[in-house]
1. In this structure, does residue 142 turn out to be closer than 21 Å to residue 82 by Cα, of a type outside the set (A, V, I, L, M) and in contact with a Leu (Cβ under 9 Å, 6 or more places away or on another chain)?
2. Under 7 Å by Cβ, and 6 or more places apart or on different chains, what pairs join a residue from the range 132-152 that is more than 12 Å from residue 110 (Cβ to Cβ) with one that is part of a loop (DSSP other than H, G, I, E, B)?
3. Can you name the condition, by its number, that residue 114 falls short on among (1) among the aromatic types (Phe, Trp, Tyr); (2) over 13 Å from the mean Cα position of the chain (by Cα); (3) more than 22 Å from residue 59 (Cβ to Cβ)?
4. So which residues in the range 93-107 are open to solvent by 20 Å² or more (accessible area, probe 1.4 Å) and not in a helix (DSSP H, G or I)?
5. From 166, 117, which residue is more than 17 Å from residue 37 (Cα to Cα) and among the charged types (D, E, K, R)?
6. In the list 173, 126, 166, 145, which residue meets the criterion of being open to solvent by 50 Å² or more (accessible area, probe 1.4 Å) and farther than 26 Å from residue 54 by Cβ?
7. Looking at the range 35-92, which of the residues that are in contact (Cβ under 8 Å) with a residue 60 or more places away in the chain and charged (D, E, K, R) is most open to solvent (accessible area, probe 1.4 Å)?
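The values are calculated or read from the model by the stated rules, or taken from the named source; none is laboratory data. Since the structure is predicted, the reported quantities are computational estimates derived from the model, not experimental observations. Cβ coordinates were reconstructed from backbone atoms using ideal geometry, including for glycine residues, and neighbour counts include every protein chain displayed. These area figures cover heavy atoms from the full protein model, side chains too; ligands, DNA and RNA do not enter into them. Shrake-Rupley method; radii C 1.70, N 1.55, O 1.52, S 1.80 Å.
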Amino acid sequence: MKAQGFFLLLLTSAAVFAQDSAKVGGAHGEPGAHKRLIGTWRLVSAGTFRSDSTFEAFPEYGPHPIGYLMYDPTGHMCVSLSNPDHPRWANPEKPTDAEKLRSYDAFFAYCGTYEVREKENRVIHRPEMGSWPHYIGTDQNRNFRLEGDRLILSEEETPPNGERRRYQITWERIRH
C-alpha cells in the first residue's frame with residue numbers, strides 16, 4: 001500500500017512539474033522570445049509618431065517601403081529599408097552626384113550581431129557594417145513586441161542631421 005501511495009505521489013509531482021515547466025517556456029511550452037525572433041521578417045510599416053500621436057511614414061522610403069530583417073540562430077542579423085519607387089539613374093554606369101545622393105537617402109541597411117534581453121523586451125543590434133557609418137560599433141537598442149506573426153520594434157533616436165524622434169517599425173514573419 002505504501003508503494004502505491006509513493007508511486008501516486010511521484011506521478012502527481014511529475015505532472016505538476018511538467019505543467020509548471022510549460023508555463024515558463026519549458027520543452028513543451030511556448031518558445032522564448034529569442035527563439036521566436038529567429039527567421040526572416042518583411043517590412044509592413046516604418047515611421048514616426050507626431051506630437052499629436054498620429055503615425056507618419058518615413059518620407060525617405062515612400063508610401064510603400066520595402067525591407068527585410070533577418071535574425072539567425074548564431075546571433076547575427078541584417079536589416080534593410082528601401083524606397084522601391086526612387087528614380088533610376090539616367091546612366092546606370094555613371095550616376096551623377098545628385099543621383100547617388102538620392103539613392104543614399106532611399107536606402108538604409110546594416111548587419112552585425114544581436115542580443116535579446118527578454119525580461120526587458122529589448123533587442124540590441126550591434127552593427128559591424130552599415131550605410132550610416134556612425135552606427136558601426138554601437139549598440140542599437142530596440143524595444144520589441146511580438147503580436148502573432150508581427151514583430152514591432154520601437155525606440156527614440158536622433159538620425160543624422162535630424163531631431164529626436166519616436167519611431168515604430170512593424171515586420172511580418174515570412175513563412176515558407
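1. Answer is yes for this residue.
2. 143/121; 144/121; 145/121
3. So the condition that residue 114 fails would be (2).
4. Listed by number, the residues that qualify are 93, 94, 95, 96, 107.
5. On the way: 117 fails: more than 17 Å from residue 37 (Cα to Cα).
One residue alone meets the criteria, 166.
6. Within the list 173, 126, 166, 145, the selection yields 126.
7. It comes out as 42.
Condition check ((1) under 19 Å from residue 42 (Cα atoms); (2) of a type in the set (Ser, Thr, Tyr)) across all residues:
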{"residue": "79", "(1), (2)": "yes, no"}
{"residue": "105", "(1), (2)": "no, no"}
{"residue": "114", "(1), (2)": "yes, yes"}
{"residue": "144", "(1), (2)": "yes, no"}
{"residue": "166", "(1), (2)": "no, no"}
